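Have a look at the structure below, then the notes.
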Amino acid sequence: MNTGKQFFTALEALRGVAAIMIIFRHTEGALGPIQPNISYLAVDLFFLLSGVVLANSYEKRLTMGNISPAGFLLQRIIRLYPLYLLSLPIGLVSYAVQIGLDYPTLAGLLLKGILFIPSSSFGSLFPFNGPSWSLFFELWVGVLFSVLLIRLSLRSLLTISLAAAGAAMYGTLSAGNLDIGFQPAYFIFGFSRVLFSFSLGICLYRLYELRKPNTADNGNIIGLLLCGCLILITNIPATTFFGFPYFDFLICLVVFPAIVWIAMRTTQTGLVELMFRWLGRLSYPIYILHGPIFSLLQTLRQKGYDLPASPAAGMVVVIAIFVVAAIAAVRFDEPIRKKIKMILSQNPASTAPTTGNAGGA
């Protein structure tokens, strides 16, 4: 970051690991039968990390008037949209294979996708890219952050976080767990789901700024252990606590904030730092591109195409997604964003530091 703010390398790694856990959740059987787990909570970790990262990068700039809410929203759109738009043609092909060449329907869905308008009649809020539902809510909470949340005290933010958690819990009592918000029937609960974790992330950053805790020793080891803890947590079988959503809230309100707080107190060096930075760099490309790719492959299989379906073939696809994500990040996303920022550089209010996305979070 180029504004004198902290760069939390361990948070980059956590975001990358969370994205990888989501990939394995959405393999559509390509790796064979995988027991459902609670990796859906990785999205809540994205929201939490977004609260920390955006507060770190933008809160003072917004409160001091160095960037307007409109300028902040423009920066978020620049950060999220290039790769999201790149994913839409893949989703378009997948959906066309499913429903046939129904041009009016496909054109309507594509227009909604480009404008980021949720759809309620096709079983998914964003049929061309299912996982992008979280980006919709990240943009919404980003707007709320820029106009309201930055002005609230720490106590008010904590109150909002707990109140939003209570609202989300209402939805989980009928759904069975916190895996809600992406379904049209539970769309309204996506707002409370993102708000409680995002607000909690702002609280963590505020506490960090107030206390300025000492940097922990052995940052490399601690960072690796935290990533290992995240992998273990997200692999807890979903059936273990299904119907008891309070466990999900324990993870999101206590365990994840503790992991993030510890991570914020560490610094990494050498190969571990390099690996962590790359995990963060690839987290968003992996997250936003994997869904349409897996969906297309699954659709082709359902239509009778003889595609390899062994776990080994599935792992090849996962590795290929990593490679595609790296190429897309380095050759497409980053150059485009750099060029857009150069075009906007004549307007200082529109410029801001490049930050990672937690949700794509």
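What to note about this one:
- Tensor-based shape of the stretch 149-249 (alpha-carbon gyration tensor, a/c under 1.5 rounded, otherwise prolate or oblate): oblate
- Cα centre as origin, Lys/Arg/Asp/Glu Cβ charges: the chain dipole, Debye: 940 debye
- Partners of Lys303 within straight-line reach, counting aspartates and glutamates whose Cα lies under 18 Å from its Cα and excluding those fewer than 8 residues away in the same chain: Glu28, Asp102.
- Solvent-accessible area, 1.4 Å probe, carbon plus sulfur percent, for the stretch 232-298: 73 percent
- Using θ = phi - 60° in the Karplus curve 6.51 cos²θ - 1.76 cosθ + 1.60, the 3J(HN,Hα) couplings for the stretch 188-196 round to 4, 7, x, 5, 6, 5, 6, 5, 6 Hz; x is entered for Gly and Pro.
- Prolate/oblate/rounded label for the chain (Cα gyration tensor, a/c 1.5): rounded
- Three-way shape label, the stretch 37-187, alpha-carbon gyration tensor, a/c 1.5: oblate
- Dimensions in Å of the stretch 292-347 - Rg and Dmax from alpha carbons: 17.4, 54
- Ignoring lysines fewer than eight residues from Lys60 along the same chain, the ones with Cα atoms less than 20 angstrom from its Cα are Lys5, Lys212.
- Cut-off under 5 Å, modelled amide H: who pairs with Asn37 long-range: Ala238
- The chain - accessible surface per residue (Å², probe 1.4 Å): 43 Å²
- Note, ³J(HN,Hα) from phi for the stretch 197-206, Karplus 6.51, -1.76, 1.60, rounded to Hz, x at Gly and Pro: 6, 4, 4, 5, x, 4, 4, 4, 5, 4
- Per-residue ellipticity at 222 nm from helix content only, as computed over the chain with -39500 (n - 2.57) for each DSSP H run of at least four residues, stands at -22500 deg cm²/dmol.
- Phi-derived couplings, Karplus 6.51 cos²θ - 1.76 cosθ + 1.60 at θ = phi - 60°, listed residue by residue for the stretch 153-158: 6, 4, 5, 5, 5, 5 Hz, with x used for Gly and Pro.
- Rounded to 10°, Cα long-axis angle of helix 133-147 versus longest principal axis of the chain: 30 degrees
The values are calculated or read from the model by the stated rules, or taken from the named source; none is laboratory data. Bear in mind that the values here come from a model prediction, so they are computed numbers and not experimental data. All Cβ positions, glycine included, derive from the backbone under ideal geometry; neighbour counts span all protein chains shown. What goes into the accessible areas is simple: the full protein's heavy atoms, side chains included, and nothing from ligands, DNA or RNA. Shrake-Rupley method; radii C 1.70, N 1.55, O 1.52, S 1.80 Å.
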